[in-house]
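**Student:** My questions will all concern the structure given below.
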Amino acid sequence: MPDPLVTDPVPTQGPAARTVPVTFDSAGTTLLGVLHLPPGPGRHPVVVLLHGFPGTERNFDLAQALRRAGYAALVFHYRGSWGMDGSWSWAHMLEDSARVVARLREPQATTAHALDPRRLAVIGHSAGGFAALMTAAADPGVAAVGSVLGFDFGTAAAACRSDPAVRATYLDDWAGELLPLRGTSAPALVAEMEAAGDAWRLARLAPRLATRPVLLIGADRDTVTPAGIHHGPLVDAYLAHPVPGLEHHVFPTDHALSDHRVALARTVIAFLDRHLKDVAR
């Protein structure tokens, strides 16, 4: 089988590979996405890639690798980010993720793009990892889910409430990330996180994820979502519940996986191949 990391798709009968701009309505706001479609007639398994805050790393390299591996891959922007209308908030990120995932399983989308609604996975990075797990927990139609260096908002909220220095660090760090976003501020984002509190603690999702494959990836040089705070305790919680389909890794890299992009793609594709490729169509 050709290696999707280094080999373009072999020509096949049916439609060629395509890159298609798509739009979604979420709470009256139009969201723009890019759907990477593999060659062939389909129906294609589909992966929704959720970027983080503010979305400096949007994982288009992963989308291309997934397409070469036979998956349709969607990258989109939440409202209030990267030129989209509306205002950015953590709640809007969750609402937009849920809406897009549901929309891709509707007949209009599955027919137009030859997608298989029963083989849909959600993979997110950083805040997108949080959104991926939250989306899957609320939507039994998500067949598999992955969080890459996911940010545990419930854990961070508790730390802010208990330590003013931690809260001040988040305010300072998030203030420097606002340029691609609109309609928000660092104080508003910290306050929203604190108000949600334990409702956004990812360990609480274990019962709702226990019947599905879950991929958790951490990094030991990550200073944004340190593995000892955001990854290790979550792995322990999911093992203890248990979540039988859990797969977990820690890579020796930074928050953007700057020198582990190939390892990331191989890990994600292998995980999806085990759980989606052989599912009866």
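Read the figures in this text as sums done on the coordinates, not as results from a lab. Everything quoted here is computed from the prediction, not taken from an experiment. No Cβ is skipped: glycine too gets one built from the backbone with ideal geometry, and neighbour counts run over all protein chains shown.
**Student:** Considering only region 208-259, state which residues are within 24 Å of E57 (Cβ to Cβ) and without any contact (Cβ under 8 Å) to a residue 24 or more places away in the chain.
**Tutor:** Across region 208-259, the qualifying residues are P226, A227, G228, G232, V235, S258, D259.
**Student:** Since P180 meets every condition but one in (1) in contact with a Phe, Trp or Tyr (Cβ under 9 Å, 6 or more places away or on another chain); (2) closer than 19 Å to A132 by Cβ; (3) not aromatic (F, W, Y), which condition does it not meet?
**Tutor:** (2)
**Student:** Right, another one. Which residue is farthest from the chain's Cα centre (by Cα), if the candidates are limited to region 56-75 and must be assigned to a loop (DSSP other than H, G, I, E, B) and crowded, with 24+ Cβ neighbours inside 10 Å?
**Tutor:** So the first thing to find is which residues in region 56-75 are assigned to a loop (DSSP other than H, G, I, E, B), and the list is 56-59, 69-71.
With the extra rule that they be crowded, with 24+ Cβ neighbours inside 10 Å, the set shrinks to 59, 69, 71.
Working: N59: 10, A69: 18, Y71: 15 Å.
In this case the residue turns out to be A69.
**Student:** Also, I was wondering about something else. What about L94, is it under 12 Å from the mean Cα position of the chain (by Cα), free of Cβ contacts under 8 Å to residues at least 60 places away in the same chain and part of a helix (DSSP H, G or I)?
**Tutor:** Numbers: under 12 Å from the mean Cα position of the chain (by Cα): yes; free of Cβ contacts under 8 Å to residues at least 60 places away in the same chain: yes; part of a helix (DSSP H, G or I): yes.
So L94 passes the test.
**Student:** Among L239, L264, L272, which is the only one that is under 24 Å from T155 (Cβ atoms), under 17 Å from the mean Cα position of the chain (by Cα) and of a type in the set (A, V, I, L, M)? So that I can check it myself, show each step before the final result.
**Tutor:** Details: L239 fails: under 17 Å from the mean Cα position of the chain (by Cα); L272 fails: under 24 Å from T155 (Cβ atoms).
That would be L264, the only listed residue that is under 24 Å from T155 (Cβ atoms), under 17 Å from the mean Cα position of the chain (by Cα) and of a type in the set (A, V, I, L, M).
**Student:** Show the residue pairs meeting these rules: Cβ distance below 9 Å; 6+ apart or different chains; first residue within region 118-145 and in a strand (DSSP E or B); second residue surrounded by fewer than 24 Cβ atoms within 10 Å (Cβ to Cβ) and among the acidic types (D, E).
**Tutor:** V122/D139; H125/E57
**Student:** Follow-up. Conditions first: (1) of a type outside the set (V, I, T); (2) under 16 Å from the mean Cα position of the chain (by Cα); (3) assigned to a helix (DSSP H, G or I). Y78 passes all but one, so which condition is the exception?
**Tutor:** (3)
**Student:** Still on this structure, I have one more. Give me the residue from region 87-135 that is in contact with a Lys or Arg (Cβ under 7 Å, 6 or more places away or on another chain) and charged (D, E, K, R) and, out of that set, farthest from A72 (Cα to Cα).
**Tutor:** D96
**Student:** Kindly state which strands (runs of 3 or more DSSP E) lie completely within region 1-53 and contain at least 1 residues that are of a type in the set (A, V, I, L, M), in contact with a Ser or Thr (Cβ under 7 Å, 6 or more places away or on another chain) and in contact (Cβ under 8 Å) with a residue 12 or more places away in the chain. Before the answer, list the steps.
**Tutor:** Numbers: elements: 18-26, 29-37, 44-50.
It comes to 29-37, 44-50.
**Student:** Surrounded by 13 or more Cβ atoms within 10 Å (Cβ to Cβ) and either not in a loop (DSSP other than H, G, I, E, B) or not hydroxyl-bearing (S, T, Y) (or both): does that describe L171?
**Tutor:** Here the answer is yes, as L171 does meet what is asked.
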